[in-house]
Amino acid sequence: QVQLHESGPGLVKPSQTLSLLCNVSHGSLSGGEYYWAWIRQAPGKGLEWLGYIYYTGIPYYNPSLRSRLTLSLDTSANQVSLILNSVTAADSATYHCARKVVFRGLIDSDAFDVWGRGARVTVSS
Amino acid sequence: DIQMTQSPSSLSASVGDRVTIACRASQAISSYLNWYQVKPGQAPKLLIYGASNLHSGVPSRFSGTGVGTHFSLSISSLQPEDLATYFCQQSHTTPWTFGQGTKVE
């Protein structure tokens, strides 16, 4: 069963850059069936989809973050990375890595079927 | 962006109760609706995809219905391990968006 594990700095100063890694174990990034996504949850708030990346390296971003967000992957290391520039307190959240799959049927349904526990990030001076 | 609105925001129930959570989309999304269970400190779990399809390994007491703009998640007989926050998510149009969550206490 594929497992996802996020890691990161925990504390980032305002205006600086947040870098997070997602390690994928018991599975491969290279398969064409899956996309690899980042989703965050601010304290007391709902979930927010940030973006996802295909194994070819092509990313898709939430327009609300496109100017500050970069996703990339390293298939040899089985890692997905997130870089968020110019962070503010509003970026404080638990950041989850998740696998997006397409369930084939009468309609083809996209869903996030595997998630990591998340990395908690606080933006504060 | 498509807005997803859940109700109630929280509910209190007892073991064995039937629980129903509603989710409304700001525009029609066919059956492109998923449900997730989130517990503090744990990886979120996919429960339902395509509005009514039970994900592998999810207990049959969970069920989903709806199409268009109105959806619901039901738990037929609440178990202690079901105490969590539940989110709906539309996968009809990017950016994919989630409801604000319903906490089952």
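Per-structure values
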item: Residue in the range A:58-78 that is surrounded by the fewest Cβ atoms within 10 Å (Cβ to Cβ), counting only those that are over 11 Å from the mean Cα position of the chain (by Cα) and within 15 Å of A:CYS22 (Cα to Cα); result: A:SER76
item: Yes/no for B:THR5 being exposed (fewer than 15 other Cβ atoms within 10 Å of the Cβ), modelled with pLDDT of 95 or more, out of contact with any helix residue (DSSP H, G or I) (no Cβ under 9 Å at 6 or more places or on another chain) and within 14 Å of chain A (Cβ to nearest Cβ); result: yes
item: Odd one out for B:LEU33, checked against (1) closer than 26 Å to A:PRO59 by Cα; (2) among the aliphatic types (A, V, I, L, M); (3) in contact with a helix residue (DSSP H, G or I) (Cβ under 8 Å, 6 or more places away or on another chain); result: (3)
item: Residue match in the range B:85-94 (condition: surrounded by fewer than 16 Cβ atoms within 10 Å (Cβ to Cβ), more than 10 Å from chain A (Cβ to nearest Cβ) and not basic (Lys, Arg)); result: yes
item: The range A:92-125: number of residues that are over 17 Å from the mean Cα position of the chain (by Cα), more than 10 Å from chain B (Cβ to nearest Cβ) and crowded, with 21+ Cβ neighbours inside 10 Å; result: 0
item: Failed condition for A:GLN79, given (1) within 29 Å of B:THR85 (Cα to Cα); (2) within 14 Å of another protein chain (Cβ to nearest Cβ); result: (2)
item: When residues of the range B:8-19 are limited to those that are assigned to a strand (DSSP E or B) and surrounded by 14 or more Cβ atoms within 10 Å (Cβ to Cβ), the one nearest to the other protein chains (Cβ to nearest Cβ); result: B:LEU11
item: Scan of the range B:22-38 for residues that are within 24 Å of A:HIS5 (Cβ to Cβ) and more than 10 Å from chain A (Cβ to nearest Cβ), ordered by number; result: B:GLN37
item: Some residue of the range A:82-91 being in contact with a Gly (Cβ under 9 Å, 6 or more places away or on another chain) and either within 24 Å of B:MET4 (Cβ to Cβ) or facing another protein chain (nearest Cβ under 9 Å) (or both); result: yes
item: Test for B:ALA51: is it at pLDDT 95 or above, more than 19 Å from A:PHE112 (Cα to Cα), surrounded by 13 or more Cβ atoms within 10 Å (Cβ to Cβ) and among the small types (Gly, Ala, Ser); result: no
item: Scope the range B:20-45; condition at positive phi and loosely packed, with under 14 Cβ neighbours inside 10 Å; matching residues; result: B:GLY41
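This table checks each residue for (1) without any contact (Cβ under 8 Å) to a residue 24 or more places away in the chain; (2) part of a loop (DSSP other than H, G, I, E, B).
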| position | (1), (2) |
| --- | --- |
| B:SER56 | yes, yes |
| B:SER60 | yes, yes |
| B:GLY64 | no, no |
| B:SER74 | no, no |
| B:GLU81 | yes, no |
| B:GLN89 | no, no |
| B:PRO95 | no, yes |
| B:GLN100 | no, yes |
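The values are calculated or read from the model by the stated rules, or taken from the named source; none is laboratory data. This one's a predicted model, so the numbers in the text were calculated from it and none came from an experiment. All Cβ positions, glycine included, derive from the backbone under ideal geometry; neighbour counts span all protein chains shown.
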